[in-house]
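The numbers here are math on the coordinates, done by the rules we state, and not lab data. Here the structure is a predicted model, which means the values were calculated and not measured. Methodologically, a virtual Cβ is constructed for each residue, glycine included, from the backbone with ideal geometry; neighbour enumeration extends over all protein chains shown.
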Amino acid sequence: MGEDNNNVVLLDFWPSSYGMRVKIALQEKGVSYECRQEDFEAKSSLLLEMNPIHKMIPVLIHNGKPICESLNIVEYIDEVWNHKPSLLPSDPYKRSQARFWGNYIDKNTKMELPVNVGRRSRNN
C-alpha cells in the first residue's frame, strides 16, 4: 500500500479546472484531504511558500512537502496511493494518448472563469 494520506492539503481556487483535475484524482484513489481555498487576487503566505516559482494553484501538500502543477500532482497521486488501479491505462499506447490529451488541454485552453469571477466581485 502507498504512503499514509493522513496529512494531505490541497491549495485550490474553486472554479479552477486544474484544481478539479487533482480533486478527481484524489477521490478516485480514495484519499482524504483538506481543501484550502485561495483568494485569486490575494495569495496566501502558504501558497507563496509552497509554490515560490509560479505562485499558482493547485498545490498538493503531502506530509509538509509541496507538489505543484496539476498533471505532475496527478502522477504523484497515482504513484503514492497505488493500492487502487492506476488512473492511466495499462497499455503504453493508450497511456501515451491520455498524457497527450492532458498536455494538449493544459497548453491550448485558457481558464477564463477566475478572471470573470474576480471582475464580478469587484463590481458588486
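Given the Cα-Cα distance of HIS83 and ARG99 and 0.36 nm per residue of separation, how much length would full extension add, in nm? It would help to have the intermediate numbers written out before the result.
Working: separation 16, 0.36 × 16 = 5.76 nm, distance 2.14 nm.
Contour length minus the Cα-Cα distance gives 3.6 nm.
Neighbouring Cβ atoms within 10 Å as the yardstick, rank CYS68, CYS35 fewest first. Walk me through the intermediate numbers first.
Working: CYS68 20, CYS35 15.
Exposure proxy ranking, most exposed first: CYS35, CYS68.
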Quiz item: For the stretch 8-123, what is the convex hull volume of the alpha-carbon atoms per residue, in Å³?
Solution: 104 Å³
Practice problem: Report the label-to-label distance for THR109 and LYS23 in nanometres (one decimal), using points 7 Å from each Cα along the Cα→Cβ vector. | Solution: 1.5 nm
Exercise. Taking 7 Å along the Cα-to-C-beta vector as the label spot, tell me the GLN37-ASN63 distance in nanometres, rounded to one decimal.
Key: 3.1 nm
Practice problem: Please sort 24-30, 6-12 by packing, taking for each peptide the average over its residues of neighbouring beta carbons within 10 angstrom, highest first. | Solution: 6-12, 24-30
Quiz item: Could you put SER16, SER86 in order, starting from the residue whose Cβ has the fewest other Cβ atoms within 10 Å?
Solution: SER86, SER16
Practice problem: Straight distance only, please: which lysines reach the Cα of LYS84 with their own Cα at less than 24 Å, same-chain residues fewer than 8 apart left out? | Solution: LYS23, LYS29, LYS65, LYS94
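For SER44 and ASP91, calculate 0.36 nm times their separation in residues minus their Cα-Cα distance, and state this gained length in nm to one decimal.
Numbers: separation 47, 0.36 × 47 = 16.92 nm, distance 4.08 nm.
Gain on stretching SER44 to ASP91: 12.8 nm.
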Quiz prompt | Between the stretch 20-51 and the stretch 5-19, the Cα center-to-center distance that results, in Å | solution = 2 Å
Quiz item: When a footprinting reagent is the concern and you count Cβ atoms within 10 Å, what order do VAL59, VAL80 take, fewest first?
Solution: VAL80, VAL59
